[in-house]
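First the structure, in the form of structure tokens, and then the observations on it.
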Amino acid sequence: MEQRLEVLREAQLPGRSVAQVCARHGISRQTFYNWKKAHDAEGLPGLLPASRRPHRSPHQLDPVLE
């Protein structure tokens with residue numbers, strides 16, 4: 001989370017472009033804008049890594065059947 005916040009803050013410095021900051025940190029501009037969108041919408045909690053677990057698993061057995 002700290003790295004993401006640092007990247008967002010660095011892009012706000014005068015004379016720094018988003019492309020320069022992204023190249024320096026080894027991330028894509030799309031990733032930068034995803035982080036910025038999440039931060040703008042949710043604040044610091046938006047910068048936490050999101051779970052990649054699926055919302056549901058269609059092939060999972062019903063707990064009653066297990």
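The values are calculated or read from the model by the stated rules, or taken from the named source; none is laboratory data. Note that the coordinates shown come from a computational prediction; the quantities given were computed from them, not determined experimentally. For neighbour counting, all protein chains shown are included, and Cβ atoms are generated from backbone atoms with ideal geometry for every residue, glycine included.
Which condition number in (1) surrounded by 12 or more Cβ atoms within 10 Å (Cβ to Cβ); (2) at pLDDT below 95 is the one that GLN60 fails?
Checking GLN60 against (1) surrounded by 12 or more Cβ atoms within 10 Å (Cβ to Cβ); (2) at pLDDT below 95, the one that fails is (1).
Among the numbered conditions (1) outside any loop (DSSP other than H, G, I, E, B); (2) within 16 Å of ARG9 (Cβ to Cβ), tell me where ILE27 comes up short.
Status for ILE27: all satisfied but (1).
What number of residues within region 17-29 satisfy the criterion of being exposed (fewer than 13 other Cβ atoms within 10 Å of the Cβ) and either within 19 Å of MET1 (Cβ to Cβ) or of a type outside the set (S, T, N, Q) (or both)?
5
Restrict the check to region 47-55 and report whether at least one residue is assigned to a helix (DSSP H, G or I) and on the phi < 0 side of the Ramachandran plot.
Step one: filter region 47-55 for residues assigned to a helix (DSSP H, G or I), giving 47.
Keeping just the survivors that are on the phi < 0 side of the Ramachandran plot gives 47.
Checked region 47-55: at least one residue is assigned to a helix (DSSP H, G or I) and on the phi < 0 side of the Ramachandran plot.
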